[in-house]
Amino acid sequence: MPETLKIGGTQTAAAARRRIYQRVLGANLLLVAAFVALAISSPATLSVLFGFPEPLPSEWVRACGGMLAVVALLYLQGLLDPVHARWPNIVGIGARFAMAVLFLILGGGFLWFCLFDGVFAVLLTISYFNLVRSDPTRRP
């Protein structure tokens, strides 16, 4: 088989895996954006939805939403160019695992956050590993 056909197939597979990773990360960031919007616009609704004790200081909920928005913006480079912007993706995946553990320890209403971050951490790890492994530009 000619070498060009093999490389073309590899590039096609890498492009497909890149789209999968970008869709998973994009879905995560859209859900985070919805959470941020709710945290900033209606912290009391957020508290009720996740079963937090009343009264939860709305200032703290809004501040957490704002910090989460900043962190999510840092992932955009990894979303746009996941192969060459590895640092935001690797740190983001590790942070999701760490936050899942923290939320599990906190318990209560945080168990939903644990599930969210844990599921996305696993999905992002698998899809990113497959992307990096299949990308033809990763080797000199």
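(1) more than 30 Å from residue 134 (Cα to Cα); (2) surrounded by 16 or more Cβ atoms within 10 Å (Cβ to Cβ): which one isn't true of residue 21, the others all being true?
For residue 21, the exception is condition (1).
Taking the stated definitions as given, is residue 72 in contact with a helix residue (DSSP H, G or I) (Cβ under 6 Å, 6 or more places away or on another chain), of a type in the set (Gly, Ala, Ser) and surrounded by 14 or more Cβ atoms within 10 Å (Cβ to Cβ)? Walk me through how you get there before you give the answer.
Numbers: in contact with a helix residue (DSSP H, G or I) (Cβ under 6 Å, 6 or more places away or on another chain): yes; of a type in the set (Gly, Ala, Ser): yes; surrounded by 14 or more Cβ atoms within 10 Å (Cβ to Cβ): yes.
Taking the combined requirement at face value, the residue satisfies it.
Looking only at the stretch 1-29, filter to residues that are within 28 Å of the chain's Cα centre (by Cα) and among the hydroxyl-bearing types (Ser, Thr, Tyr); which one of those is modelled with the lowest pLDDT?
10
Sort out which residues of the stretch 38-61 are under 20 Å from residue 96 (Cβ atoms) and at pLDDT 90 or above, and write them in order of number.
Answer for the stretch 38-61, where residues must be under 20 Å from residue 96 (Cβ atoms) and at pLDDT 90 or above: 38, 39.
Go through (1) surrounded by 13 or more Cβ atoms within 10 Å (Cβ to Cβ); (2) of a type in the set (A, V, I, L, M, F, W, C); (3) assigned to a helix (DSSP H, G or I) and name the single condition residue 83 misses.
(3)
Do we have any residue at all in the stretch 48-68 that's under 14 Å from the mean Cα position of the chain (by Cα), surrounded by fewer than 18 Cβ atoms within 10 Å (Cβ to Cβ) and either of a type in the set (Gly, Ala, Ser) or in a helix (DSSP H, G or I) (or both)?
So in the stretch 48-68, the residues under 14 Å from the mean Cα position of the chain (by Cα) come out as 68.
If we keep only those that are surrounded by fewer than 18 Cβ atoms within 10 Å (Cβ to Cβ) too, we end up with 68.
Checking which are either of a type in the set (Gly, Ala, Ser) or in a helix (DSSP H, G or I) (or both) leaves us with 68.
Yes: the stretch 48-68 contains one or more residues that are under 14 Å from the mean Cα position of the chain (by Cα), surrounded by fewer than 18 Cβ atoms within 10 Å (Cβ to Cβ) and either of a type in the set (Gly, Ala, Ser) or in a helix (DSSP H, G or I) (or both).
Can you report the number of residues in the stretch 38-52 which are over 17 Å from residue 114 (Cα atoms) and without any contact (Cβ under 8 Å) to a residue 12 or more places away in the chain?
4
Restricting attention to the stretch 53-68, does a residue exist that is closer than 30 Å to residue 128 by Cα and aliphatic (A, V, I, L, M)?
yes
Report the residue count in the stretch 67-114 for those that are at pLDDT 90 or above and touching a Ser or Thr at 6+ places or on another chain (Cβ under 7 Å).
1
The values are calculated or read from the model by the stated rules, or taken from the named source; none is laboratory data. Owing to the predicted nature of the structure, the values given are computational and were not obtained by experimental measurement. A quick note on method: Cβ atoms are made from the backbone with ideal geometry, for glycine too, and the neighbour counts reach across all protein chains shown.
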